[in-house]
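Taking it in order: structure first as structure tokens, then the write-up.
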Amino acid sequence: MSVIRSAALRGFSAVTADLGGDPVELLASVGLPAHAIYLDDLLLPTAAYGALLEITAVRLECPGLGLRVARLQSPTVLGPLAIAIANSPTIGESLACLTRYMYLHSSSTSIRLDEDPDGDADVVALYYSPDEPREQRQATDLGVGFIHRGLTYLARGHYGLRSVDLPYTPPAPAHVYRSFFGAPVRTRLASPAAVLRIPASLPTTPLRDVDKTMQQLALAFLARQTATRGADIAARVRTAVAESLGTTTVDITAVARLMSVHPRTLQRQLRARGTSYGEVLDRVRRDKALSLLTGTDLPLGHVAAMTGFTEHASFTRAARRWWDAPPSQVRTRADEQPRPAVL
């Protein structure tokens, strides 16, 4: 199952509310939790994310929805990756960094530079390849729009975009795309991806005011995230479960699919480590529940949902097993703890 970070929904709530829609109701219509619009690092099924944008565009009669949401997104949507990109020496190295680590934001999306499909020696093509671009036109519009705005940010203005090629008939009128991109938007049905045709000289353009230390710190963080792919299997499962709680199904079949292994293989690997999937899931739920109960004022129902419980009663039973107390009492005990003196 391909996933995308919930940060990709930034701006969705504001746009839908402005159009007279209810973002929470729209999220529920595709099985996504309401809190997905408030947090950045939840893992959402790519198919549900794409369906959300398609359904919203139809219901609110806004064929340019993807571009409207893209207008409200900044590079910070990418988290630490945005820091590495913004502090790279050149735009080309920024794109190389994005190409290398894009999967940490969207597991099924790839980006690459290649020759211009029109054969122009002064132009290179930036290919944006998500899952099923023709079936998820709004999500693809949003992604291409986001990349365009990112390039504009890096270049500090107009960067010489020649044209945008889409592998589908654009859902919005031509003037909407022209206004957003400031360049022609063409339909290239034979293309497997969306393409931004940019000047061949753009990748060598140096970035100004970069902080090499910040770049190195961000790259080190991204490298650690990549390294977890080869880490202890129990640690990898904990990470997958923690990022999926409250957003997608967290049974072993779903998590195994996310990790690209067979469920029986995953369970066997965990047994070899002296644990089981059920034990890992229980510990992650317990730790997240404790953090939310003692560190936030979220309603107990929200805490239950965010820790993967569909019923409050089930959450209460788990809390009694973990701490010999119901969730409300755990929160009360935390509130009664003396605070350290401020010197």
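Computed over protein heavy atoms with a 1.4 angstrom probe, the accessible surface ordering of Val195, Val261, largest first, is Val261, Val195. Summarising the amide proton neighbourhood of Ala194: residues at separation of 5 or more, or on other chains, whose placed amide H is nearer than 5 Å comprise Tyr128.
Applied to segment 315-324, the Karplus parametrisation 6.51 cos²θ - 1.76 cosθ + 1.60 on θ = phi - 60° returns per-residue 3J(HN,Hα) values of 5, 4, 4, 5, 4, 5, 6, 6, 10, 6 Hz, with x for Gly and Pro. Which label marks the calculated value of Rg/Rh (Cα atoms, Kirkwood Rh), given the options (1) 1.01; (2) 1.10; (3) 0.97? This structure yields the entry labelled (1).
Neighbours of Leu300 by Cβ distance under 13 Å: Lys/Arg scored +1, Asp/Glu scored -1, total -1.
Taken one residue at a time, the phi angles of segment 174-187 give Karplus couplings (6.51, -1.76, 1.60, θ = phi - 60°) of 4, 5, 5, 5, 4, 5, 6, 8, x, 7, x, 10, 10, 9 Hz. Gly and Pro are set to x.
Around the amide H of Val3, modelled in the peptide plane, lie the amide H atoms of Thr46, Ser107, Ser108, all under 5 Å away and 5 or more residues distant in sequence or on another chain. In the context of the full protein assembly, Asp297 retains an accessible surface of approximately 150 Å², using a probe radius of 1.4 Å and ignoring ligands and nucleic acids.
Under a Gaussian network description of the chain, with springs only between Cα atoms under 10 Å, the residue in Pro203, Pro171, Pro326 that fluctuates furthest is Pro326.
For segment 27-44, putting each phi into the Karplus relation 6.51 cos²θ - 1.76 cosθ + 1.60 with θ = phi - 60° gives couplings of 4, 5, 5, 10, x, 9, x, 4, 6, 5, 7, 10, 10, 9, 10, 6, 9, 9 Hz, in residue order, rounded to whole numbers and with x for Gly and Pro. Within segment 35-65, whose backbone N sits under 17 Å from a point 7 Å along Cα→Cβ of Ser108? Those under the cut-off are 43-55. Would any residue of segment 300-326 have its amide N under 13 Å from a label point 7 Å out along Cα→Cβ of Asp335? List them or say none. The answer is 300, whose backbone nitrogens lie closer than 13 Å to the label point.
Applying 1/(1 + (r/R0)^6) with R0 = 30 Å to the Cβ-Cβ distance of His312 and Arg273, what FRET efficiency is obtained, to the nearest 0.05?
Details: r = 33 Å, r/R0 = 1.09.
It comes out at approximately 0.40.
Using a probe of 1.4 Å, the accessible surface attributed to Tyr177 totals some 10 Å² when neighbouring protein chains are kept in position. A simple spin-label model places the labels of Asp324 and Glu132 5.1 nm from each other, with each point 7 Å out along Cα-to-Cβ. Extending 7 Å from the Cα toward the beta-carbon at both Ser29 and Arg100 defines two label points whose distance is 4.1 nm.
Counting only protein heavy atoms and using a 1.4 Å probe, the accessible area of Thr310 comes to about 140 Å².
Counting only protein heavy atoms and a 1.4 Å probe, segment 1-141 has 40 square angstrom of accessible area per residue. For the chain, with all protein chains in place and a probe radius of 1.4 Å, 53% of the accessible heavy-atom surface sits on carbon or sulfur. Close amide-amide hydrogen proximity is noted between Val185 and Val164, each under 5 Å apart and 5 or more residues distant or on a separate chain (H modeled in the peptide plane; Pro and chain starts excluded).
The values are calculated or read from the model by the stated rules, or taken from the named source; none is laboratory data. Being a predicted model, the structure only gives us computed values, none of them experimental. Reconstructed Cβ throughout: ideal geometry from the backbone, glycine too, with neighbour counts over all protein chains shown. To get the accessible areas, we keep the full protein, side chains included, count just its heavy atoms, and leave off ligands, DNA and RNA. Shrake-Rupley method; radii C 1.70, N 1.55, O 1.52, S 1.80 Å.
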